[in-house]
Amino acid sequence: MLGLSFSLAVICLQVFLPTLLGAPGQCPSQCHCHGDLQHVICENIGLKKIPRVSEATRLLNLQHNTLGMLPTGGFSEMKGLISLHLQHCQIREIASQAFKGLKKLIYLYLSDNEISAIKPGAFEDLSELTYLYLDGNRISSLPKGIFSPMINLFILQLNDNKIRELQHGTFTGAKDLRWLHMSGNELSSMQPGSLDEVENLAILHLERNKLTTYPIMAMSKLRVVEELTLSKNPLSSIPDYAFRSFGRYLEKLHLDNMGLERFSSGAFEGVTALKSLHLDNNKLKTLPSSLDFSTLRNLTLSNNPWSCTCQLENLRKWMDSSRHRPDAVCASPANQRGKQIRDSSAFGRCKQKTKRAKKGTRH
């Protein structure tokens, strides 16, 4: 009788366990499957473990479950996956070789979890991965070479984590990375060479960090940056040649809300394509002579203590010739205080002063 009960129990497990966990070739329990199991949707159904799905599955959506950690080889039977959605799954850790076997994966969404640890080798086999979203986690450091398997990585989202430093070698292997988003971290240091491996970056977002000095040595090998955002970093000055290595491509530059006090005279040397420049909410009194206004289409200047002297003559000329006349109020000299730069009378004699200065130089 005992033997019969045991046999029945084994049969029941063989029949029902695949249904509960999901066996290859059928839709996991409580999930929704479409297109002959190509799309498997298991969103918000109380999962605590990764379900088993068919090798034919191309998209697996596990959002809003409670997975805790991603173990080694947890997806190894899903060799056909192209898109994997793991947002809001309370994931704390990614084990080494967690994505082993996913050699066709292109999209990996890990946003809005509790990830604080990514073990070395976690992203092994992800040679086709193009889009990686790790924003909204608790990552404080990135092991050297962690992205090295991702030779096709194009977009990397690391916004709103706790990353404090970028080290040399962090992005080794990710040579095709074009968009790097690191806003809302705790970056206070970017080591020289930390971006050397991703010299083809086109978009670099570093706003809402703790950078106190412009990371010129970290960015010296970037060649084609089109958009750079440094807003809301406590930077007081921008040095000479800050953007020169990618100046022919730079079109959008965000330097607002920083407490920025000054530009070195050659800060904009080599910048020849700038279309949009945001400088509002700083402590700027003047602008450097190296800033070329000829390509600018959008310029924000409000909430700065501008000194309306001949040093701003090029800005005033641009305002006079442009349809776009940004809000910018003089703080000095005293007789111009409170006036808009575009309406100030302080620039009327600048040409005469320039002529006299040139004559004085010749004599």
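In the range 150-200, which residue that is among the β-branched types (V, I, T) and either farther than 23 Å from F99 by Cα or within 13 Å of the chain's Cα centre (by Cα) (or both) is surrounded by the fewest Cβ atoms within 10 Å (Cβ to Cβ)?
Start the filter on the range 150-200 by keeping residues that are among the β-branched types (V, I, T), which leaves 151, 155, 163, 170, 172, 198.
In the following step, the residues that additionally are either farther than 23 Å from F99 by Cα or within 13 Å of the chain's Cα centre (by Cα) (or both) were identified as 155, 163, 198.
Values: I155: 15, I163: 18, V198: 23.
Restricting to residues being among the β-branched types (V, I, T) and either farther than 23 Å from F99 by Cα or within 13 Å of the chain's Cα centre (by Cα) (or both), the top hit is I155.
Under the condition of being buried (at least 19 other Cβ atoms within 10 Å of the Cβ) and not aliphatic (A, V, I, L, M), which residue from the range 248-268 is farthest from R223 (Cα to Cα)? Break it down stepwise before answering.
If we filter the range 248-268 for residues that are buried (at least 19 other Cβ atoms within 10 Å of the Cβ), which is where we start, we get 250, 253-256, 258, 260, 263, 267-268.
Then keep just the ones that are not aliphatic (A, V, I, L, M); that gives 254, 256, 263, 268.
Working: H254: 18, D256: 23, F263: 22, F268: 15 Å.
Out of the qualifying residues, it is D256.
Quick one: L250 ticks every box in (1) in contact with a strand residue (DSSP E or B) (Cβ under 9 Å, 6 or more places away or on another chain); (2) closer than 30 Å to I82 by Cβ; (3) in a loop (DSSP other than H, G, I, E, B) bar one, so which box is it?
(2)
Go through the range 297-312 residue by residue and tally those that are charged (D, E, K, R) and buried (at least 17 other Cβ atoms within 10 Å of the Cβ).
The qualifying residues number 0.
Scan G173, G145, G101 and give me the residue that is under 21 Å from N200 (Cα atoms) and in contact with an Asp or Glu (Cβ under 8 Å, 6 or more places away or on another chain). Give the derivation first.
Working: G145 fails: in contact with an Asp or Glu (Cβ under 8 Å, 6 or more places away or on another chain); G101 fails: under 21 Å from N200 (Cα atoms).
Testing whether each residue is under 21 Å from N200 (Cα atoms) and in contact with an Asp or Glu (Cβ under 8 Å, 6 or more places away or on another chain) leaves just G173.
From the set of residues in the range 148-169 that are at pLDDT below 95 and in contact with an Asp or Glu (Cβ under 8 Å, 6 or more places away or on another chain), which is farthest from P215 (Cα to Cα)?
Top of the filtered list is G169.
Filter the range 327-343 for residues that are surrounded by fewer than 19 Cβ atoms within 10 Å (Cβ to Cβ) and not aliphatic (A, V, I, L, M) and give the result. Spell out the reasoning first.
Our first condition is that a residue be surrounded by fewer than 19 Cβ atoms within 10 Å (Cβ to Cβ); within the range 327-343, this holds for 327, 331-335, 337-340, 342-343.
Within the range 327-343, D327, S332, P333, N335, R337, G338, K339, Q340, R342, D343 qualify.
Which residue is surrounded by the most Cβ atoms within 10 Å (Cβ to Cβ), if the candidates are limited to the range 236-247 and must be within 22 Å of the chain's Cα centre (by Cα) and part of a loop (DSSP other than H, G, I, E, B)?
Pass one, the range 236-247, residues within 22 Å of the chain's Cα centre (by Cα): 238, 242-247.
Adding the requirement that they be part of a loop (DSSP other than H, G, I, E, B) leaves 242-243, 247.
Values: A242: 25, F243: 23, G247: 18.
The residue in question is A242.
Starting from the range 263-283, keep only residues that are touching a residue at least 12 places away in the same chain (Cβ under 8 Å), then list their pairs with residues that are outside any loop (DSSP other than H, G, I, E, B) and aromatic (F, W, Y) whose Cβ atoms are within a distance under 9 Å, requiring at least 6 positions of separation or different chains.
The qualifying pairs are G270/F246; V271/F246.
If you take the residues in the range 103-132 that are hydrophobic (A, V, I, L, M, F, W, C) and part of a strand (DSSP E or B), which one is surrounded by the fewest Cβ atoms within 10 Å (Cβ to Cβ)? Even if it seems obvious, please write down each step before you answer.
Pass one, the range 103-132, residues hydrophobic (A, V, I, L, M, F, W, C): 105-106, 108, 110, 115, 117-118, 122-123, 126, 129, 132.
Narrowing the set further to residues that are part of a strand (DSSP E or B) leaves 108, 117-118, 132.
Values: L108: 21, A117: 15, I118: 22, L132: 23.
So, considering only residues that are hydrophobic (A, V, I, L, M, F, W, C) and part of a strand (DSSP E or B), the one surrounded by the fewest Cβ atoms within 10 Å (Cβ to Cβ) is A117.
Failed condition for D135, given (1) in contact (Cβ under 8 Å) with a residue 40 or more places away in the chain; (2) surrounded by fewer than 17 Cβ atoms within 10 Å (Cβ to Cβ); (3) closer than 25 Å to S183 by Cα, with all others met?
If we test D135 against (1) in contact (Cβ under 8 Å) with a residue 40 or more places away in the chain; (2) surrounded by fewer than 17 Cβ atoms within 10 Å (Cβ to Cβ); (3) closer than 25 Å to S183 by Cα, just (2) comes out false.
For S294, only one of the following conditions fails: (1) closer than 21 Å to R244 by Cα; (2) surrounded by 13 or more Cβ atoms within 10 Å (Cβ to Cβ); (3) not basic (K, R). What is its number?
(2)
Within the range 37-53, can one find any residue that is touching a His at 6+ places or on another chain (Cβ under 9 Å) and closer than 26 Å to I151 by Cβ?
No, that holds for no residue.
Do you know which of the residues in the range 292-323 that are in contact with a Leu (Cβ under 8 Å, 6 or more places away or on another chain) and among the hydroxyl-bearing types (S, T, Y) is nearest to G348 (Cα to Cα)? Break it down stepwise before answering.
Start the filter on the range 292-323 by keeping residues that are in contact with a Leu (Cβ under 8 Å, 6 or more places away or on another chain), which leaves 292-293, 295-296, 298-301, 304-306, 311-312, 314-315, 318, 322.
Next cut, among the hydroxyl-bearing types (S, T, Y) only: 295, 300, 322.
Details: T295: 24, T300: 23, S322: 18 Å.
The qualifying residue nearest to G348 (Cα to Cα) is S322.
The values are calculated or read from the model by the stated rules, or taken from the named source; none is laboratory data. Predicted model only: the values in this text are computed from it and were never measured. Note: ideal-geometry Cβ built from the backbone for every residue, glycine included; neighbour counts use all protein chains shown.
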